[in-house]
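Heads up, the thing below is written out as structure tokens.
Computed from the coordinates by the stated procedures, all read-outs in this text should not be read as laboratory data. This is a predicted model, so every value here is computed, not measured. Glycine gets a Cβ as well: all are built from the backbone with ideal geometry, and neighbour counts include every protein chain shown.
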Amino acid sequence: MIEISQGFGIGTWRAVRDSTSARITCPNCGFDAELDHEIAEDRTVNPSVECPANCGFHEHIRLMGWKVK
Ligand SMILES: [Zn+2]
């Protein structure tokens, strides 16, 4: 499990779609993509996140500061 901070740049997340979803920038390669995942009340993202650019990043992540609606 790794923790992803809100912000801009590599290894961060930001809210999209009226804060119902998030984009993350891959901590490994910097590829930016929207999550197609469930974000739980404890801010964990399910299932685990695999980088769409196939850089090898594949982790369970938690979005620090995510506000559950
Ligand atoms: Zn990547």
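Scanning the stretch 1-14 for residues that are surrounded by 12 or more Cβ atoms within 10 Å (Cβ to Cβ) and free of Cβ contacts under 8 Å to residues at least 24 places away in the same chain gives Gly7, Ile10, Gly11, Thr12, Arg14. Among the residues of the stretch 12-39, the one identified as within 15 Å of Ile2 (Cα to Cα) and more than 10 Å from the chain's Cα centre (by Cα) is Asn28. Considering (1) in contact with a strand residue (DSSP E or B) (Cβ under 6 Å, 6 or more places away or on another chain); (2) farther than 23 Å from Lys69 by Cβ; (3) surrounded by 15 or more Cβ atoms within 10 Å (Cβ to Cβ), the lone condition that Glu50 does not fulfil carries the number (3).
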